[in-house]
Amino acid sequence: MRIGYGFDSHEFREGIPLKIGGIALAYDKGLGGHSDGDVLLHAITDALLGAVAAPDIGALFPPSDPKWKDADSVIFLREALIRVHDAGYGVANIDASLILAEPKIGPHAAAIRVRVAKLLGVRADCVGLKAKTPEGLNLQNAAVAHVVVLLEKHPTKARKKITKRKQS
Ligand code: MG
């Protein structure tokens, strides 16, 4: 087994779409960044990469490379999953904490968990998601994500799911 940990933060900006966990949320601000700013997928990606001691998201997809401008963060997650598979592991479960003042995540939590589970090739009950407001942290205009992931030796199972996703 392997454990991985990922952290990310992004600042809210006016007039851009908000994506968290691969889901578009209706809100008047989005998360700035070179890619689509999906703070949760970035933290999951780094947790997966960290679990197999691979280079981190910034090293694999440098913000200085124009290729990743406005990129769908699912691309980063898929690369991390391929590296997990190549190392001989599959995802057992993940647990995530989001910290943001707004918008409320509760009404979207189920959809985010289902989406993330699908991306990872696990059941939705293998994706934990909590959302907290930044009490006392003075982070009213930012979103933060912390993620831990557990990997287990399931190369055959993982390979099937990843191959299937790549073909679709
Ligand atoms: Mg990021």
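The values are calculated or read from the model by the stated rules, or taken from the named source; none is laboratory data. Keep in mind it's a predicted model, so treat the numbers as computed, not measured. FYI the Cβ positions are ideal-geometry reconstructions off the backbone, even for glycines, and counts take in every protein chain you see. In case anyone asks, the SASA skips ligands and DNA or RNA and just uses the protein heavy atoms, side chains included. Shrake-Rupley method; radii C 1.70, N 1.55, O 1.52, S 1.80 Å.
Summary of values
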item: Residues within the stretch 109-129 that are open to solvent by less than 70 Å² (accessible area, probe 1.4 Å) and not in a helix (DSSP H, G or I), tallied; result: 5
item: Strands (runs of 3 or more DSSP E) wholly inside the stretch 3-54 containing at least 2 residues that are more than 25 Å from residue 86 (Cα to Cα), open to solvent by less than 10 Å² (accessible area, probe 1.4 Å) and in contact with a Gly (Cβ under 7 Å, 6 or more places away or on another chain); result: 29-31
item: Sole exception among (1) more than 20 Å from residue 51 (Cβ to Cβ); (2) of a type outside the set (Phe, Trp, Tyr); (3) at pLDDT 95 or above for residue 95, by number; result: (1)
item: Check on residue 102, farther than 17 Å from residue 1 by Cβ, modelled with pLDDT of 95 or more and assigned to a loop (DSSP other than H, G, I, E, B); result: yes
item: Top-ranked residue in the stretch 55-88 [being farther than 12 Å from residue 151 by Cβ and touching a residue at least 60 places away in the same chain (Cβ under 8 Å); ranked as least open to solvent (accessible area, probe 1.4 Å)]; result: 82
item: Test set (1) within 16 Å of the ligand (Cβ to nearest atom); (2) farther than 22 Å from residue 135 by Cα - residue 82 fails condition number; result: (1)
item: Yes/no for residue 139 being outside any helix (DSSP H, G or I), within 16 Å of the ligand (Cβ to nearest atom), surrounded by fewer than 17 Cβ atoms within 10 Å (Cβ to Cβ) and among the aliphatic types (A, V, I, L, M); result: yes
item: Where a residue in the stretch 31-51 is closer than 11 Å to residue 12 by Cα and its partner, wherever it lies, is open to solvent by less than 10 Å² (accessible area, probe 1.4 Å) and charged (D, E, K, R), with Cβ under 8 Å and at least six apart; result: 31/38
